[in-house]
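Asks: Pasting a structure here, questions to come.
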Amino acid sequence: MATFLIVLIPLFIPIMVDELLLGKEQHLIAFISEYIFTSDTKGYVLFILAVILLLRVFSTILSIMQTKIFVSISKNITYKMRVSLLRHLRDVSLKEYETMRVGAVTSKLVTDVETIDAFVSTTISKLIVAVLILLFSSIALFWIHWQLAIFILITNPVVVLFTVKLSRNIGKLKKEENKAIEMFQSALTETLELFHQIRAANKEDYFFNKSEKKADELRKYSINFSYKNDASMKFSYLVFLSGYEVFRAVSILAVAYSDLSVGLMLAIFSYLWVMVSPTQDIINFQYVLATAKAACKRINSIFDMEQEPVVEQNYNPFKEKVAVGIEVKSLSFEYIKNKPILENINMSIKEGTKLAIVGASGSGKTTLANILVGFYTFDDGEIYYGSESSNNLELSTIRDNIHLILQHPKLFNDTMLFNLTLGNEYSQEVVNEALHIAQLDDVIKRLDNGLDTLVGKDGIKLSGGQRQRVAIARMVLSNPKVVIFDESTSALDVHTEAKLFEALHDFLKEKTVITIAHRLSTIKSAEFIYVLEDGKVVDSGTPNELLTKDESYFSSMV
């Protein structure tokens, strides 16, 4: 509607020029004289001016409403897009996360989604308005002088097709710039995330210089895209303006050699000028479309990431049980094809058993622990929880009941309480009990704000041993059926570790416990031990049985 009102305005020019100034047939002037009660030239001009101003006011109001509608649509689209991306990332397999560049993903969620936002809210709305203006203007031109209208409408598409060809090359340049942005963000994010380690190694210059090189590459690609994009747009605009001058010359000739009046000629000039901006918007659309396509392609790369398997669960083997046994049969796993990390693993872990897995670094212990909680999908074999195959269980069910405590637990830059509960609701009594079992009572008392103390990025304000005990307190709060300790007390001294396991004794008494460790003190209470070497089970037995074997890995720990 706003577009239609704008297109009406040039039609008043023939009235003003032909009827008022040149004294030609005065149809509208007669109408104004009869119904508006004025015969004064000034009165005619003021009336027409008032009508034009009203048209512009209504057009502006409608344009604002139109902008609000398109902005609302674009923001809803980008919100749903971000939600879809986040939900997809939530279910992406851990293998994808381990090779994922955080900066690259952040760039796609922020920069590329904003590109789509701008495309929908601004570019699409401009395109619709541009098409409507050109349509209404074309109708008006046909009414004024159909021969000139045909000439104008035939030549305009030539300009647009010319710009489409130019935009293809610009799309490639934008893709290169986006890639450079991604690489810079990845390098910078990694440097900032690992800054503590970088400073400890005295390698600030190396890593920040690396980020500077990525910034320089981004500068070069941005310059290349920006000036070539601007040059292409201006060159396209030059072609259009050249056509505009030709149209104007042809209109003047039409006045000289046909019945086209001066007022109608000026109206044509006005329509040509009205058509400049929408034509330019259509020209620019080709370039913005190329940018939006590149952004969509990068966003789709997130949707292409492998997700965790989804299964339909009919039975929960953990329900109403204190502990659950685990059976591993002929299990094999590989990161890279034909390079197995685990090969033909067989283990029988009875309900309530205290079991240990030992082996040298790189033997596959942590990988096996990750598989048991469903972080990785194994290639061959079976895992049974109770009597149910893992293939028939939802991963959320497994993780609700099996708790893996990592050697290097990750903490959020939040309060101690949040890092313990992770947003779950627990009574103060339950939290205090978990703190007591994890030997954190004294630690909390020494903190300035107790449980409300911010622990810093990655828990930097806490020692390694304290972070491990926070992870153990999390486990106590979650009260799982199976507990896996993966070098979870390696940062504790022997005395603190002994007190911790003494406090954990009653809590773990009836649970199935798997302990992965290098230190004998950590597994001294194990009832059964499996020895891993190069991804294979090379020995197993009770501690006493393994101690009698002189050349076993376990005996070398004593």
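The values are calculated or read from the model by the stated rules, or taken from the named source; none is laboratory data. On a predicted model such as this, the values are computed, not experimentally measured, just so you know. Backbone-built Cβ (ideal geometry, glycine too); neighbour counts: all protein chains shown.
Asks: Is it the case that region 273-280 has a residue that's assigned to a helix (DSSP H, G or I), touching a His at 6+ places or on another chain (Cβ under 9 Å) and at negative phi?
Replies: In the first step, residues of region 273-280 are kept if they are assigned to a helix (DSSP H, G or I); the result is 273-280.
Going one step further and asking which of them are touching a His at 6+ places or on another chain (Cβ under 9 Å), we end up with none.
Looking for residues that are assigned to a helix (DSSP H, G or I), touching a His at 6+ places or on another chain (Cβ under 9 Å) and at negative phi, one finds none in region 273-280, hence no.
Asks: Only one of Gly374, Gly381 is over 15 Å from Val531 (Cβ atoms) and assigned to a loop (DSSP other than H, G, I, E, B). Can you tell me which?
Replies: Gly374
Asks: Here is a follow-up. Do you know which residues across region 410-426 are assigned to a loop (DSSP other than H, G, I, E, B) and of a type in the set (Phe, Trp, Tyr)?
Replies: Matches in region 410-426: Phe412, Tyr426.
Asks: For Gln439, only one of the following conditions fails: (1) at negative phi; (2) surrounded by 16 or more Cβ atoms within 10 Å (Cβ to Cβ); (3) touching a Ser or Thr at 6+ places or on another chain (Cβ under 8 Å). What is its number?
Replies: (1)
Asks: Another question about this same structure. Consider Gly263 carefully, then state whether it is part of a helix (DSSP H, G or I) and buried (at least 18 other Cβ atoms within 10 Å of the Cβ). Walk me through how you get there before you give the answer.
Replies: Working: part of a helix (DSSP H, G or I): yes; buried (at least 18 other Cβ atoms within 10 Å of the Cβ): yes.
Spelling it out, Gly263 is indeed part of a helix (DSSP H, G or I) and buried (at least 18 other Cβ atoms within 10 Å of the Cβ).
Asks: Does Ser211 fit the bill of being in the same structural domain as Thr122 (by TED's automatic domain parsing), in contact with a Leu (Cβ under 6 Å, 6 or more places away or on another chain) and without any contact (Cβ under 8 Å) to a residue 40 or more places away in the chain?
Replies: Numbers: in the same structural domain as Thr122 (by TED's automatic domain parsing): yes; in contact with a Leu (Cβ under 6 Å, 6 or more places away or on another chain): yes; without any contact (Cβ under 8 Å) to a residue 40 or more places away in the chain: yes.
In short, yes.
Asks: What's the number of the condition Val83 fails, among (1) modelled with pLDDT of 80 or more; (2) out of contact with any strand residue (DSSP E or B) (no Cβ under 7 Å at 6 or more places or on another chain); (3) surrounded by 12 or more Cβ atoms within 10 Å (Cβ to Cβ)?
Replies: (3)
Asks: Just checking, how many residues over region 213-260 are loosely packed, with under 14 Cβ neighbours inside 10 Å and either touching a His at 6+ places or on another chain (Cβ under 9 Å) or among the acidic types (Asp, Glu) (or both)?
Replies: Residues that pass the stated criteria total 5.
Asks: Under 6 Å between Cβ atoms, at least 6 apart or on separate chains: pull out the pairs that start in region 246-270 with a residue that is under 14 Å from Ile144 (Cα atoms) and end on any residue that is not in a helix (DSSP H, G or I).
Replies: Ala254/Leu260; Leu260/His145
Asks: What's the number of the condition Val110 fails, among (1) farther than 30 Å from Tyr244 by Cβ; (2) in contact (Cβ under 8 Å) with a residue 12 or more places away in the chain?
Replies: (2)
Asks: Is it the case that Ile198 is closer than 30 Å to Gly459 by Cβ and out of contact with any Cys (no Cβ under 6 Å at 6 or more places or on another chain)?
Replies: When the stated conditions are applied, Ile198 passes them.
Asks: Would you call Ser361 at pLDDT 90 or above and closer than 23 Å to Ser488 by Cα?
Replies: On the way: at pLDDT 90 or above: no; closer than 23 Å to Ser488 by Cα: yes.
Against the criterion (at pLDDT 90 or above and closer than 23 Å to Ser488 by Cα), Ser361 does not qualify.
Asks: Leu192: in a helix (DSSP H, G or I) and either on the phi < 0 side of the Ramachandran plot or hydrophobic (A, V, I, L, M, F, W, C) (or both), yes or no?
Replies: Yes: the conditions hold for Leu192.
Asks: Restricting the search to region 394-419, which residues are under 13 Å from Val482 (Cβ atoms) and either touching a strand residue (DSSP E or B) at 6+ places or on another chain (Cβ under 8 Å) or free of Cβ contacts under 8 Å to residues at least 24 places away in the same chain (or both)?
Replies: Matches in region 394-419: Ile398, Asn401, Ile402, His403, Leu404, Ile405.
Asks: Among the residues of region 417-437, which ones are of a type in the set (D, E, K, R) and more than 20 Å from Phe501 (Cβ to Cβ)?
Replies: Correct list: Glu425, Glu429.
Asks: For Glu429, are the conditions met, namely being free of Cβ contacts under 8 Å to residues at least 24 places away in the same chain, assigned to a helix (DSSP H, G or I) and of a type in the set (D, E, K, R)?
Replies: For Glu429, the condition - free of Cβ contacts under 8 Å to residues at least 24 places away in the same chain, assigned to a helix (DSSP H, G or I) and of a type in the set (D, E, K, R) - is met.
Residue-by-condition table, conditions (1) touching a helix residue (DSSP H, G or I) at 6+ places or on another chain (Cβ under 9 Å); (2) within 30 Å of Leu546 (Cα to Cα); (3) assigned by TED's automatic domain parsing to the domain that holds Phe195:
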position: Gly352; (1), (2), (3): no, yes, no
position: Leu372; (1), (2), (3): yes, yes, no
position: Asn392; (1), (2), (3): no, no, no
position: His408; (1), (2), (3): yes, yes, no
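Asks: Looking only at region 501-526, count every residue that is farther than 30 Å from Lys339 by Cβ, modelled with pLDDT of 90 or more and either polar (S, T, N, Q) or touching a Leu at 6+ places or on another chain (Cβ under 9 Å) (or both) and tell me the total.
Replies: 2
Asks: Return the residues of region 297-318 that are in contact with a helix residue (DSSP H, G or I) (Cβ under 7 Å, 6 or more places away or on another chain) and part of a helix (DSSP H, G or I); say none if nothing qualifies.
Replies: The answer is Arg298, Ile299, Ile302, Phe303.
Asks: Here are Asp414, Asp400: which of them is closer than 29 Å to Ala498 by Cα and not β-branched (Val, Ile, Thr)?
Replies: None of the others qualify; the one that does is Asp400.
Asks: Checking the structure you have, find out if any residue of region 19-37 is in a helix (DSSP H, G or I), modelled with pLDDT under 65, small (Gly, Ala, Ser) and not assigned by TED's automatic domain parsing to the domain that holds Cys296.
Replies: Scanning region 19-37, I find at least one residue that is in a helix (DSSP H, G or I), modelled with pLDDT under 65, small (Gly, Ala, Ser) and not assigned by TED's automatic domain parsing to the domain that holds Cys296, so the answer is yes.
Asks: Right, next: Give the number of residues within region 451-482 that are part of a loop (DSSP other than H, G, I, E, B) and in contact (Cβ under 8 Å) with a residue 40 or more places away in the chain.
Replies: 6
Asks: Confirm whether Tyr206 is part of a helix (DSSP H, G or I) and under 25 Å from Asn169 (Cβ atoms).
Replies: No; evaluated as a whole, the condition is false for this residue.
Asks: Related question: Do we have any residue at all in region 329-340 that's aliphatic (A, V, I, L, M) and in the same structural domain as Val537 (by TED's automatic domain parsing)?
Replies: Yes, some residue in region 329-340 is aliphatic (A, V, I, L, M) and in the same structural domain as Val537 (by TED's automatic domain parsing).
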